[in-house]
Amino acid sequence: MIGRDGEGEADARARACLTAVVPPGDPWVGEMLADHGADRVWAELTAGAPPPTVSSAVEADPITRDRLRRRWERWSLRAAAVDADALLSASAEAGIRFVVPGDPEWPGRLEALDLPGGGRSHGLWVRGRGDLRNLCLRSVAVVGARAATAYGEHVASELSYDLAARSVVVVSGGAYGIDGAAHRAAHAVGDTVVVLACGLDVDYPKGHAGLFADVVRSGVLVSERPVGAAPRAPDFLVRNRLIAALTPGTVVVEAGRRSGALNTASHAVEMHRTLMAVPGPVTSAMSVGCHILLRDWQAGCVTCADDVVAQVVPLDDEPPGPGPLRVAADLDPETARVLEAVPRAGAGTATIAAHSGATLGQAMRSLGLLAAAGYVERCATGWRIPR
């Protein structure tokens, strides 16, 4: 919560508490937050007061209105048991921070969730040394089946490794199969973002505990669920909308006819993101979903990192070959000053901001652009000039 004013602190605190009570992406509560602010919504919820009205026509239907009010009453009972100080303290002890709209680390692409039916996020719990917003500036979602075949895991690994080598951050859901193969390959050479459906102190699946511990050293783990929250079946589908929203494009490597990866693909289409799919053997049940996307959803056919980059990265921003992206145009004065303030040995964002004369928010934005261009990189102390 560092760096926020009093009003922003109260809003973030209320949003953090809401994650412990209200299901992620609830559209009704999302409208309340937009119309009345999180502080008021949480205050009325804990007081057992009636829910604030929203501008949507959803409350015009008596049956729907009664159903929503019953949900509000259940949430109110849960809210009474939430200890905000304990929640935030437990999160901080686990190395988990809370990011809300308006924070420097909040990814701008999540504005897509503000559209009708998008499922606004109350806020994001983040763990890791990476900066979520900066990591998502140049990223691609790589998703697929948990029951992946050897072919699917091979393609996901090769694709993700080559993308990471070109400074493209791979975003996925941390599950077994395609997700795990994508994260491991990307982390071997670059950064990756793991979007989970549980609290970030809960290793789910347990077999990926080591992978998650490795990722936080340079990338991030992300969730809409608070510490201690075990995953529930609906949370995985709700989580998928975040994966699609954080990136400009989604690649489905392998998917059965009813795979959850198709749910991520549908969110990508709804948000007008680039949808891509990898073709597979016609004899494999794990290729059916990808072939449906290619045939009926007009997904782009991709077989390698070059194909993916060609569809999601503007040609003017594309480097001639593997390696960090370099910009040809001169840097704007503010970004140039921030770059000059970055020591080769590394320094924290606040130190760089002070030395450059920029605000903390301006420095973070400039560092994100410089990182995407390959001029700076993350290190143990913050940011440094690449060796």
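Which one is modelled with the lowest pLDDT, of the residues in region 330-367 that are part of a helix (DSSP H, G or I) and of a type in the set (G, A, S)? Walk me through it before giving the result.
The initial filter retains those residues of region 330-367 that are part of a helix (DSSP H, G or I), namely 333-340, 349-356, 360-367.
So of that shortlist, the ones also of a type in the set (G, A, S) come out as 336, 350, 353-354, 356, 361, 363, 366.
Details: A336: 83, A350: 82, A353: 86, A354: 88, S356: 90, G361: 74, A363: 82, S366: 82.
That would be G361.
Pairs please, first residue from region 158-183 and on the phi > 0 side of the Ramachandran plot, second anywhere and in a strand (DSSP E or B) and of a type outside the set (K, R), Cβ atoms under 8 Å, 6+ apart in sequence or on different chains.
Partner pairs satisfying both residue conditions: G174/V194; G174/V195; G174/L196; G174/L221; G177/G144; G177/E254.
For region 284-302, indicate whether the set of residues that are charged (D, E, K, R), surrounded by fewer than 14 Cβ atoms within 10 Å (Cβ to Cβ) and at pLDDT 85 or above is non-empty. Working first, answer last.
Applying the first criterion (charged (D, E, K, R)) to region 284-302 yields 295-296.
Filter once more, keeping what is surrounded by fewer than 14 Cβ atoms within 10 Å (Cβ to Cβ): 295-296.
From what's left, at pLDDT 85 or above: 295-296.
Among the residues of region 284-302, at least one is charged (D, E, K, R), surrounded by fewer than 14 Cβ atoms within 10 Å (Cβ to Cβ) and at pLDDT 85 or above, which makes the answer yes.
Is one or more of the residues making up region 94-113 of a type outside the set (V, I, T) and touching an Asp or Glu at 6+ places or on another chain (Cβ under 7 Å)? Break it down stepwise before answering.
As a first pass, look at region 94-113 and keep what is of a type outside the set (V, I, T): 94-95, 97-98, 101-113.
With the extra rule that they be touching an Asp or Glu at 6+ places or on another chain (Cβ under 7 Å), the set shrinks to 94, 105.
Scanning region 94-113, I find at least one residue that is of a type outside the set (V, I, T) and touching an Asp or Glu at 6+ places or on another chain (Cβ under 7 Å), so the answer is yes.
Between R129, R133, R109, R120, which is among the basic types (K, R), within 30 Å of G346 (Cβ to Cβ) and assigned to a loop (DSSP other than H, G, I, E, B)?
Details: R133 fails: assigned to a loop (DSSP other than H, G, I, E, B); R109 fails: assigned to a loop (DSSP other than H, G, I, E, B); R120 fails: within 30 Å of G346 (Cβ to Cβ).
Going through R129, R133, R109, R120 in turn, the sole match is R129.
Please go through region 55-77 and give me each residue that is in contact with a helix residue (DSSP H, G or I) (Cβ under 9 Å, 6 or more places away or on another chain), at pLDDT 90 or above and of a type in the set (D, E, K, R), ordered by number.
Correct list: R71 only.
Mind listing just one residue for me: the one in region 1-19 that is in contact with a Gly (Cβ under 9 Å, 6 or more places away or on another chain) and closer than 11 Å to L88 by Cβ and, of those, modelled with the lowest pLDDT?
Among residues in region 1-19 that are in contact with a Gly (Cβ under 9 Å, 6 or more places away or on another chain) and closer than 11 Å to L88 by Cβ, the one modelled with the lowest pLDDT is M1.
Hey, among the residues in region 200-215 that are part of a loop (DSSP other than H, G, I, E, B) and of a type outside the set (F, W, Y), which one's surrounded by the most Cβ atoms within 10 Å (Cβ to Cβ)?
Within region 200-215, the first condition is being part of a loop (DSSP other than H, G, I, E, B), and the residues that meet it are 200-205.
Remaining after also requiring of a type outside the set (F, W, Y): 200-203, 205.
Working: L200: 27, D201: 19, V202: 18, D203: 17, P205: 16.
The selected residue is L200.
Looking at the structure I just gave you, is V41 surrounded by 11 or more Cβ atoms within 10 Å (Cβ to Cβ), at pLDDT 90 or above, not in a helix (DSSP H, G or I) and not acidic (D, E)? Walk me through it before giving the result.
Numbers: surrounded by 11 or more Cβ atoms within 10 Å (Cβ to Cβ): yes; at pLDDT 90 or above: yes; not in a helix (DSSP H, G or I): no; not acidic (D, E): yes.
So V41 does not fit the description; no.
Restricting to region 217-239, name every residue that is in a loop (DSSP other than H, G, I, E, B), surrounded by 18 or more Cβ atoms within 10 Å (Cβ to Cβ) and modelled with pLDDT under 95. Don't jump to the end; show me each part of the working.
To start, the set of residues in region 217-239 that are in a loop (DSSP other than H, G, I, E, B) comprises 217-219, 224-232.
Add one more test, that the residue is surrounded by 18 or more Cβ atoms within 10 Å (Cβ to Cβ), and what stays is 218-219, 224-227, 229.
Passing the criteria: S218, G219.
Answer with yes or no whether E73 is surrounded by fewer than 16 Cβ atoms within 10 Å (Cβ to Cβ) and among the charged types (D, E, K, R).
Values: surrounded by fewer than 16 Cβ atoms within 10 Å (Cβ to Cβ): yes; among the charged types (D, E, K, R): yes.
For E73, the condition - surrounded by fewer than 16 Cβ atoms within 10 Å (Cβ to Cβ) and among the charged types (D, E, K, R) - is met.
For P107, all conditions in the list (1) under 30 Å from D39 (Cα atoms); (2) in the same structural domain as A233 (by TED's automatic domain parsing) hold save one; what is the number of the exception?
That leaves (2) as the condition not met.
Kindly evaluate L124 against the criterion of being aliphatic (A, V, I, L, M), closer than 21 Å to V238 by Cβ and at pLDDT below 95. Can you show your working first?
Numbers: aliphatic (A, V, I, L, M): yes; closer than 21 Å to V238 by Cβ: yes; at pLDDT below 95: no.
When the stated conditions are applied, L124 does not pass them.
Filter region 147-188 for residues that are among the aliphatic types (A, V, I, L, M) and within 20 Å of D235 (Cα to Cα); which is surrounded by the most Cβ atoms within 10 Å (Cβ to Cβ)? Lay out the reasoning, then the answer.
Of the residues in region 147-188, the ones among the aliphatic types (A, V, I, L, M) are 147-148, 150, 155-156, 159, 163-165, 168-171, 175, 178, 181-182, 185-186, 188.
Narrowing further to those that are within 20 Å of D235 (Cα to Cα): 147, 171, 175, 178.
Working: A147: 14, V171: 31, A175: 24, I178: 34.
My answer is I178.
The values are calculated or read from the model by the stated rules, or taken from the named source; none is laboratory data. Keep in mind that what you see is a predicted model, and the values were worked out from it rather than measured. Don't worry about glycine lacking a Cβ; one is built from the backbone with ideal geometry, like all the others, and counts go over all protein chains shown.
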